[in-house]
Amino acid sequence: MRNRIGSILIIIGFLTSPVFGETKIGISGAVEWDKMEINATVSLDMASAGIKLPGGRTQGEALITSEYIRLIRPVIINIQVDSSSVIGDLVGRGEWSLIEAENLALQARTVPPVVSADFGSLTAFYSLGLAGVIAAHIRHERTLDIPKTLTPVPAPAYTGIIIIASDALPVHGMQNSSLLKPCLFPKIWDTEMNLIFEKNMLNPKASVMVRYFPADGIFAGGPSGLSPEVAAVVGNRPLRIFARGIFGSAPTDPVISRDDALLIISTDENRNLLREGKIAVILDNSVLKSQIK
């Protein structure tokens, strides 16, 4: 318990530590689940830092670089891992560390800082793929078996799975409904509350468990009606499923009908679609981007 409290205090201290002096530097952007990226902009008010151009540009760039880690770390800490935890919860339980979060932050792609038109601010751009965060949390070497059924049903060999959850859905065990929200490792349940898919059933070599897309990704032109991005994940002959509900402390886990679940678990080929992460989840546009505050 003492170690957990200590970890929590470290997080709180980190999240609330002030920027030195009166320097004005801030971060904006979004966690973009449809791109599986964190895209952030770090801006420095140069007058507040006592920096003048052109000689002070190098100093300004160094200041942005040093403050980027402090500013991006709370964003990483608040990423939803699954229905019950954000990354900060894992740190508090000792399952992950702030050093690991820093190391991931340093893997971001960057664009050299640019000066604003009025020469008052210096801005740098960072893009951090969530695939690296996912890989850091996949630690199993052997995959758990995906459930089978004693009474398989005839099922075509699909090329992928699309779960459509773009409307508000009933929350299992509650009296309300909610939009499904993205996370790194959603579970999939059927309407009899059998667990169909979870993180430890994923092939450790797969880059992501599911991919998230807006509704227009399944109403594109062409014979399949799929956008190129969706088709790249699920192929041209996917099984299309309408989610029937949501499960979890946070509304991240889709519930599908038992009949649809049987189409997946009745054949080795279709079970393998889960194992290889060939799953597209269609969400409302409002939940696909989480603004950095």
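Every read-out reported here was derived from the displayed coordinates using simple, explicitly stated rules and does not represent laboratory data. Every value quoted in this text rests on a predicted model; they were computed, and no experiment measured them. Neighbour counts run over all protein chains shown; Cβ positions are idealised from the backbone, glycine included.
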Please give the contour-minus-distance gain from GLN107 to ARG93: 0.36 nm per residue of separation, less the Cα-Cα distance, rounded to one decimal in nm. 2.6 nm
Compute the relative contact order of the stretch 161-291 as a whole-number percentage, counting only Cα pairs closer than 8 Å that sit 6 or more residues apart in sequence. 42
Please list, in order, the residues from the stretch 87-125 whose amide nitrogen is less than 16 Å from a point placed 7 Å along the Cα→Cβ vector of GLN59. 120-122
Quick query: amide H of SER178 versus all other amide H atoms, modeled in the peptide plane; which residues come in under 5 Å with a sequence gap of 5 or more or a different chain? LEU169, VAL171
May I ask you to evaluate 6.51 cos²θ - 1.76 cosθ + 1.60, the Karplus curve with θ = phi - 60°, for each residue of the stretch 189-201 and list the ³J(HN,Hα) values in order in whole Hz, giving x for glycine and proline? 10, 9, 5, 9, 6, 8, 6, 9, 7, 8, 3, 6, 8
Mean separation of Cα pairs under 8 Å and 6+ residues apart, divided by the residue count of the chain: what relative contact order is that in percent? 23
From DSSP H assignment alone, runs of 4+ in the chain each adding -39500 (n - 2.57), the sum over residues rounded to the nearest 500 puts [θ] at 222 nm at -8500 deg cm²/dmol
To the nearest 10 degrees, the tilt of helix 2-16 (Cα long axis) against the first principal axis of the alpha carbons of the chain is 60
By per-residue mean of other Cβ atoms within 10 Å, what is the highest-first order of 194-202, 179-187? 179-187, 194-202
Starting at 0 and stepping by 5 Å, how many percent of the alpha carbon pairs of the stretch 2-137 end up in each bin? 2, 10, 20, 19, 17, 14, 10, 6, 3, 1, 0
Out of [x] 21.8, 75; [y] 23.8, 79; [z] 20.9, 70, which label holds the value of Rg and Dmax of the Cα atoms in Å that was computed here? [x]
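Restricting to the chain, what percent of DSSP beta bridges are antiparallel, rounded to 5? The partial results should precede the final answer.
On the way: 33 of 47 bridges.
Of the beta bridges lying entirely in the chain, close to 70 percent run antiparallel.
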Can you list residues from other chains, or at least 5 along the same chain, whose modelled amide H is less than 5 Å from the amide H of VAL81? VAL86, ILE87, LEU184
Need one number: % antiparallel among DSSP beta bridges in the stretch 161-291, to the nearest 5. 35
HN-Hα J couplings of the stretch 67-76 from phi, Karplus 6.51/-1.76/1.60, θ = phi - 60°, integer Hz, Gly and Pro as x? 7, 3, 4, 4, 7, 7, 4, x, 5, 5
Sequence gap at least 6, Cα distance under 8 Å: using those rules, report the relative contact order of the stretch 171-240 to the nearest whole percent. 17
Of the residues GLY29, SER66, SER290, the Cα lying farthest along the dipole of the chain towards its positive end, which is defined by charges on the beta carbon of Lys, Arg, Asp and Glu, belongs to SER66
Treating cross-link reach as a plain straight distance, find the lysines whose alpha-carbon is under 25 Å from the alpha-carbon of LYS205, omitting any fewer than eight places away in the same chain. LYS35, LYS148, LYS181, LYS187, LYS278
